[in-house]
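Notes follow the structure.
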Amino acid sequence: TTLAFQTQQEQLQIANEKDTNRKVVDKKYDQLEDEIDEYAGWSEPQELGCCCVCHENGDDNCKWCVDCSINKLKRLKQQNAEEEKQNQVDKKVKKKKSKKEKDKKKKKQSKRQQEVS
């Protein structure tokens, strides 16, 4: 009976060790699962862009994706570049006008000084 009792005790001990190991593994798995869930997905919707081949071909007026975010961004950049170019032209024109006005004032002043003298 003592031999049977020992084997029963050993079996219980082995079963307890397996149960403990299983709990440790389950706990580690749960921790990993929590970490994975923590980083899964996006907190905000993400625009993935457009998969139309027109972007590779350089066609900005594709009838299939005229309103896609890529074409909208491209048109916005072009518009901004054109506005910037126009602003630079306007600045040059203003500088020329102000220079002409200054020259006219100088001429008037020099004429007045000549008349006075």
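Values in this text are rule-based calculations from the coordinates and carry no lab data. Since this is a predicted model, take the numbers as computed values, not measurements. So basically every Cβ, Gly included, is an ideal-geometry build from the backbone, and we count neighbours across all protein chains shown.
Given the C-alpha centroids of segment 91-115 and segment 50-64, what is the distance between them in whole angstrom?
53
Label-point separation (nm) for GLU82 and THR20, each offset 7 Å from Cα along Cα-to-Cβ?
Those two pseudo-labels are separated by 7.7 nm.
Please give every one of the lysines within straight-line cross-link reach of LYS92, meaning a C-alpha to C-alpha distance under 17 Å, and leave out same-chain neighbours fewer than 8 residues apart.
LYS100, LYS102
If you take the beta carbon distance between THR7 and LYS27 as r and set R0 to 22 Å, what does 1/(1 + (r/R0)^6) give as a FRET efficiency, to the nearest 0.05?
Computed FRET efficiency for THR7 and LYS27: 0.15.
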